[in-house]
1. Those residues that are over 13 Å from the mean Cα position of the chain (by Cα) and within 18 Å of residue 333 (Cα to Cα), I need them from region 251-267; list them, please.
2. Scanning region 262-319 for residues that are within 16 Å of the ligand (Cβ to nearest atom) and of a type in the set (Gly, Ala, Ser), which turns out farthest from residue 172 (Cα to Cα)?
3. When residue 94 is evaluated against the numbered criteria (1) under 22 Å from the mean Cα position of the chain (by Cα); (2) away from the ligand (no atom under 16 Å from the Cβ); (3) in a loop (DSSP other than H, G, I, E, B), which criterion, by number, is the only one it fails?
4. Name the residue, out of 113, 78, 105, that is of a type in the set (Val, Ile, Thr) and either in the same structural domain as residue 289 (by TED's automatic domain parsing) or within 16 Å of the ligand (Cβ to nearest atom) (or both).
5. Quick check on residue 324: is it over 21 Å from residue 156 (Cβ atoms) and surrounded by fewer than 22 Cβ atoms within 10 Å (Cβ to Cβ)?
6. Got a number for residues in region 108-123 being free of Cβ contacts under 8 Å to residues at least 60 places away in the same chain and open to solvent by less than 10 Å² (accessible area, probe 1.4 Å)?
7. Take residue 182 and decide whether it is open to solvent by less than 10 Å² (accessible area, probe 1.4 Å), in contact (Cβ under 8 Å) with a residue 12 or more places away in the chain and in contact with a strand residue (DSSP E or B) (Cβ under 7 Å, 6 or more places away or on another chain).
Amino acid sequence: MSNFVRTLNRFIIEQERLYPEATGAFTALLSDIALAAKIISYHVNKAGLVDILGQAGTTNVYGEEQAKLDVFANDVLVRSLAYGGKLCAMASEESEDLIPIPDEVPMGKYVCVFDPLDGSSNIDVNVSIGTIFSIFRRVTPGDGPGQLEDLLQPGYAQVCAGYVIYGSSTMLVYTTGTGVHGFTLDPSYGEFVLSHENIKIPSKGKIYSVNESYYDYWDEGMRNYIRWAKKADPSDGRPLNSRYIGSLVADFHRNLLKGGIFLYPGDNKSPDRRKGKLRLLYEANPLAFIVEQAGGKASDGYRRILDIKPDSLHQRTPLFIGSREDVEIAEAFIQGKRKP
Ligand code: P6P
């Protein structure tokens, strides 16, 4: 029976046997997230057929227009997680403040932060999009409602992080600190089945992913890195291949499997872009936990992403993430230690 299909639930139970200190809370939490992912996947894949495309007519805390699926995915995740009794608070990229757990639900020992549908500007053109999530143990005492302090923990305190990519297939990729594992949704019986056990990112890749339209707004070090990456030099495999989907989960997932670096630096296009566009809690931290567990690296150009102590729920950070050697080369240029 050992070669029986290894579903997400079965795999988590196997993992819990390996780590007796793990409580059943992960099984419940990941099952709630997996359920939400299945529901979101169904509606993403049906989006062209029913009236769920297009804009919701609302904006999020960043002033970005919310797609109908953004709002739908956020609602599905909140409902799926709120009633499981494992959380004491939540936060979402799509919601301005802390999301409390309903009074009638027992408070759990964890908090969950998530980007319910990242890349949603790509929904209407059928480009892969994703859900990103991150779980922490609460740090405030007692068993009352969670506080902002429970949500503003540095990334190294994460106990679980993952993403779902809604692409040619729907995949859930997660880590609890003992490796990175990928599960592909088999829609015929609605289960996530282990398809990528113990994912490791190549130490060096041939891909760089960045939106070069901001080139003129970058600092000198970032421009030097791009000039270096594009310069032909067969001795070290340059020029690198430029691959940019404009959907973070899709760009990250490709680089995780093939090797490479994703870059979203700060720029001088406007004051609110000095730290780039991506959010520390909902995007950078979970993907940084995953990439480090896969042997890669994630920094803001100077500091390890997971060491950054958040000041607010929606703070942004520059993000350089992927193959370790590629990130270290980019850091050297950004810090002015290397010239093209
Ligand atoms: P730009 C999508 O809107 C997103 O948040 C990420 O998924 C993606 O990596 C990034 O923004 C793309 O931003 O400025 O290149 O359009």
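1. Hits for region 251-267 are 260, 261, 263, 264, 265, 266, 267.
2. Across region 262-319, the extreme among qualifying residues is 270.
3. (2)
4. On the way: 78 fails: either in the same structural domain as residue 289 (by TED's automatic domain parsing) or within 16 Å of the ligand (Cβ to nearest atom) (or both); 105 fails: either in the same structural domain as residue 289 (by TED's automatic domain parsing) or within 16 Å of the ligand (Cβ to nearest atom) (or both).
That would be 113, the only listed residue that is of a type in the set (Val, Ile, Thr) and either in the same structural domain as residue 289 (by TED's automatic domain parsing) or within 16 Å of the ligand (Cβ to nearest atom) (or both).
5. Values: over 21 Å from residue 156 (Cβ atoms): no; surrounded by fewer than 22 Cβ atoms within 10 Å (Cβ to Cβ): yes.
When the stated conditions are applied, residue 324 does not pass them.
6. Residues flagged as free of Cβ contacts under 8 Å to residues at least 60 places away in the same chain and open to solvent by less than 10 Å² (accessible area, probe 1.4 Å) within region 108-123 amount to 1.
7. On the way: open to solvent by less than 10 Å² (accessible area, probe 1.4 Å): yes; in contact (Cβ under 8 Å) with a residue 12 or more places away in the chain: yes; in contact with a strand residue (DSSP E or B) (Cβ under 7 Å, 6 or more places away or on another chain): yes.
In short, yes.
For (1) open to solvent by 10 Å² or more (accessible area, probe 1.4 Å); (2) out of contact with any strand residue (DSSP E or B) (no Cβ under 6 Å at 6 or more places or on another chain), each residue gets a yes or a no:
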| residue | (1), (2) |
| --- | --- |
| 264 | yes, no |
| 280 | no, yes |
| 292 | yes, yes |
| 299 | no, no |
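The values are calculated or read from the model by the stated rules, or taken from the named source; none is laboratory data. These figures come from a predicted structure and were not determined experimentally. Quick reminder, even Gly has a Cβ in these numbers, built from the backbone with ideal geometry, and neighbours come from all protein chains shown. Heads up: the accessible areas ignore ligands, DNA and RNA and are worked out on the full protein's heavy atoms, side chains in. Shrake-Rupley method; radii C 1.70, N 1.55, O 1.52, S 1.80 Å.
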